[in-house]
1. Taking the stretch 1-24 only, how many residues are farther than 26 Å from Ile189 by Cβ and either in contact with a Cys (Cβ under 7 Å, 6 or more places away or on another chain) or among the polar types (S, T, N, Q) (or both)?
2. Is it the case that Val157 is closer than 24 Å to Asp172 by Cα, modelled with pLDDT of 95 or more and not charged (D, E, K, R)?
3. So which residues in the stretch 84-101 are surrounded by 15 or more Cβ atoms within 10 Å (Cβ to Cβ) and closer than 21 Å to Thr50 by Cβ?
4. Residue under question is His99, and the condition is that it be of a type outside the set (D, E, K, R), closer than 26 Å to Gly10 by Cβ, part of a loop (DSSP other than H, G, I, E, B) and outside the structural domain of Cys47 (by TED's automatic domain parsing); does it hold?
5. Could we say that Ile42 is closer than 27 Å to Gly107 by Cβ, part of a strand (DSSP E or B) and touching a strand residue (DSSP E or B) at 6+ places or on another chain (Cβ under 7 Å) here?
6. Condition first: charged (D, E, K, R) and exposed (fewer than 15 other Cβ atoms within 10 Å of the Cβ). Now tell me which residues in the stretch 168-183 satisfy that.
7. Of the conditions (1) over 30 Å from Ile192 (Cα atoms); (2) part of a loop (DSSP other than H, G, I, E, B); (3) of a type in the set (Lys, Arg), Arg62 fails just one. Which one is it?
8. Got at least one residue in the stretch 43-60 being of a type in the set (S, T, N, Q), surrounded by fewer than 17 Cβ atoms within 10 Å (Cβ to Cβ) and in contact with a Ser or Thr (Cβ under 9 Å, 6 or more places away or on another chain)?
Amino acid sequence: MFTGIVQAIGRIDSVVAGTGAVKLVVDPGAMTLDDVAIGDSIAVNGCCLTVVANDRTADGPRLAFDVSHATLAVTTGLDRRGPVNLEKALRLADRLGGHLMTGHVDGVGRVVSNDPVAQDGAGDRRFIVDAPGEIAGFIAAKGSVAVAGVSLTVNGVDGVRFEANLIPHTLDATTLGGLRAGDRVNLEIDLIARYVARLAGFAGSTPAPAARKE
């Protein structure tokens, strides 16, 4: 589980063909790795990946992850070099500053705009994204959504389109400030919305009677 509070901006240094699909080598940036072991989970741009190597190199610490074809097919940004948002898995003693996330990407959205609210270009930005139709219904105003692993509060929705406000801290601490119209982003819907929708699908249905022993 994760919270969507990004701990560091890392960078994919290399993408190498491996036995499954590809192996990513990631520069963790400012993230400390003393408590990271092989087999641990780390969210990379919102996608939960398993650490397969934690090395000290001449260029500094590096993490490695194996990424399957199935994961590459439903995500974006994990098949090339570039900056990525990083978050270690949630511990039970941690503060839940964002919202509960699984690190399972539900769909890939497309940035519509990422423009400053103020005319001088400083301060907050109005961030607008189009979500895939199959998950758009799970995104509600004043609810939560994860974009590239960042927990955001939804300010408004219009069909498949939603918008959020990016404060200066979010712009400094994540990769969202560098996104432009047309860029693709990993989306994860709110966990509660997922289960409410599942339960609603059974509303009014009558459970099958339990078998009785004669």
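The values are calculated or read from the model by the stated rules, or taken from the named source; none is laboratory data. Every value quoted in this text rests on a predicted model; they were computed, and no experiment measured them. Cβ coordinates were reconstructed from backbone atoms using ideal geometry, including for glycine residues, and neighbour counts include every protein chain displayed.
1. Qualifying residue count for the region: 2.
2. no
3. Passing the criteria: Val84, Asn85, Leu86, Glu87, Lys88, Ala89, Leu90, Leu100, Met101.
4. yes
5. Spelling it out, Ile42 is indeed closer than 27 Å to Gly107 by Cβ, part of a strand (DSSP E or B) and touching a strand residue (DSSP E or B) at 6+ places or on another chain (Cβ under 7 Å).
6. Result: Asp172, Arg180.
7. (2)
8. Checked against the condition, which is being of a type in the set (S, T, N, Q), surrounded by fewer than 17 Cβ atoms within 10 Å (Cβ to Cβ) and in contact with a Ser or Thr (Cβ under 9 Å, 6 or more places away or on another chain), the stretch 43-60 yields at least one hit.
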